[in-house]
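Values in this text are rule-based calculations from the coordinates and carry no lab data. Quick caveat: nothing in here was measured; it's all calculated off a predicted structure. A quick note on method: Cβ atoms are made from the backbone with ideal geometry, for glycine too, and the neighbour counts reach across all protein chains shown.
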């Protein structure tokens, strides 16, 4: 099989701090706080910090809170 027949997998583009804030609709200070608390994964490239959109979405899913109705406990499995 030739190497040209294999599908090319492009890495996910990394977001800057500003782009991550715009995506999450939060202020840079909040993003910094979440990063320091270990709630948001990030990539450090030299002095720059970058974020993967898929990891931001996954982090938001973990932070999501469901409101339960009396007698029923909502969990992420119910979604």
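In whole angstrom, segment 13-69 maps to an equivalent ellipsoid with semi-axes of 22, 11, 11, each derived as √(5λ) from the alpha carbon gyration tensor and ordered largest first.
By the count of neighbouring beta-carbon atoms within 10 Å, fewest first, 56, 31, 14, 39 end up ordered 39, 14, 56, 31. The fewest-to-most ranking of 51, 32, 42 by surrounding Cβ atoms within 10 Å reads 32, 42, 51.
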